[in-house]
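Below: the structure, in structure tokens.
The values are calculated or read from the model by the stated rules, or taken from the named source; none is laboratory data. Just so it is clear, the model here is predicted, and its values are computed rather than measured. Here the Cβ is made from the backbone with ideal geometry for all residues, glycine too, and neighbour counts use every protein chain on show. In case anyone asks, the SASA skips ligands and DNA or RNA and just uses the protein heavy atoms, side chains included. Shrake-Rupley method; radii C 1.70, N 1.55, O 1.52, S 1.80 Å.
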Amino acid sequence: MSVWLPGAPCTPRACVPAAESLAGVPRAVLRLTTVAALVLVGVVLSPLGQWVPARAVRCWSRAVVRAAGVRIRVTGAPAPTAAGLLLVANHVSWLDIPLLAGVRPARMLAKAEIRRWPVAGALAARGGVLFIDRDRLRALPGTVARIAGVLRAGRAVAVFPEGSTWCGRAQGYFRRAVFQAALDAGAPVQPVRIAYRDREGAASTVPAFVGDDPLLASVWRVVRARDLVAGVEVLPVLAPGGHPDRRALAAAAEDAVLGGPGKQQVLARGGEHLAVSGPAGRSLAPGGRRPPRRRSGGREVRPGVGESAGAQARRPGPVPRPAQSSVPLPAQAQAQAPVVGERPSVGREPELRRAAGTVGGLRSTGR
């Protein structure tokens, strides 16, 4: 496997909470049955995708999410429907796919491994999914050209530029290659921000489909959960020609989707948001900031990975040991004895001689 492949540190064990406040099994079975029935209808109608009205596709997509017990809150202006459009969004769950289709029906870009899945691979190919071979960097220009051709034909393409799913409380960064297709086709880019919330309004990782989590396990977790809300924010369109190159266009889309209020941070093992660096994501500390610098021995250093600045500030330093005599002294003698290394004050010589005599007498008597 190539080292450039996108990845995330999120795993089910570290990111997904233990089952709490879950619906009963009968309700979950009913939800799962309804989802399976709706998906089956979509599979049957997939060969007729280009003749099915866009409004019907949007209604079907949102029905799949609602059937799983997830409420949908859509904000922002409707996405353009008159011409080719590149939809880009952050990637958390398998629910992201019907949620994006609810914004505007589009051909999805998926990894080539899905084409080799039994049954699902053939259905995805028949449904118009565009596949990208992430193991072959030389195949990337051809994929970009195919995406540009779809956009020139007036169709929409949905892409998750992070290249991998994240837990919802952590994020990656946008890969730039797919944005070249929008530039080549002169198509606008529609950023979409997806967030999952619990009943208190806090970010929820229950819908996350990360790591080695099996799809059926993720689906079952979602249909059992209570009061999940999927927030879909349709952000302002990035017009074609507004950015000189794909780097600037990707940065603008990334800032729109990932740079909103409460900027996300990278999640490390153990369920704690710690600093993580490398190709999996940005090097961030809690609160979305880089770890603060501190000075040590005249040079600036940063806290190590897995240790916050506050923890390093609280780290105890070496404590000097007090000088001790080989013979324990009574409290009165200890109080009268001079401090080692201290220069005697002027006029205190008689007092110090009496204290020394007292100590000598105690030692001679064995007390």
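List of remarks:
- Breaking point among (1) open to solvent by 60 Å² or more (accessible area, probe 1.4 Å); (2) in contact with a Pro (Cβ under 8 Å, 6 or more places away or on another chain); (3) outside any helix (DSSP H, G or I), for Thr75: (2)
- Scanning the stretch 81-103 for residues that are surrounded by fewer than 21 Cβ atoms within 10 Å (Cβ to Cβ) and at pLDDT 90 or above yields Trp94, Ile97.
- Check on Val44, farther than 18 Å from Ala156 by Cα and at pLDDT below 90: yes
- Which numbered condition Arg169 fails, given (1) in contact with a Lys or Arg (Cβ under 9 Å, 6 or more places away or on another chain); (2) open to solvent by 50 Å² or more (accessible area, probe 1.4 Å); (3) not aliphatic (A, V, I, L, M): (1)
- Scanning the stretch 145-165 for residues that are over 24 Å from the mean Cα position of the chain (by Cα) and at negative phi yields a total of 11.
- Here is the figure for the stretch 42-75: residues that are farther than 21 Å from Asp227 by Cα and among the basic types (Lys, Arg) total 2.
- The stretch 53-71, subset touching a Leu at 6+ places or on another chain (Cβ under 8 Å), open to solvent by less than 50 Å² (accessible area, probe 1.4 Å) and in contact (Cβ under 8 Å) with a residue 40 or more places away in the chain, residue farthest from Leu216 (Cα to Cα): Ser61
- Those residues of the stretch 200-216 which are touching a residue at least 40 places away in the same chain (Cβ under 8 Å), open to solvent by 10 Å² or more (accessible area, probe 1.4 Å) and either in contact with a strand residue (DSSP E or B) (Cβ under 8 Å, 6 or more places away or on another chain) or among the small types (Gly, Ala, Ser) (or both), in sequence order: Val206, Gly211
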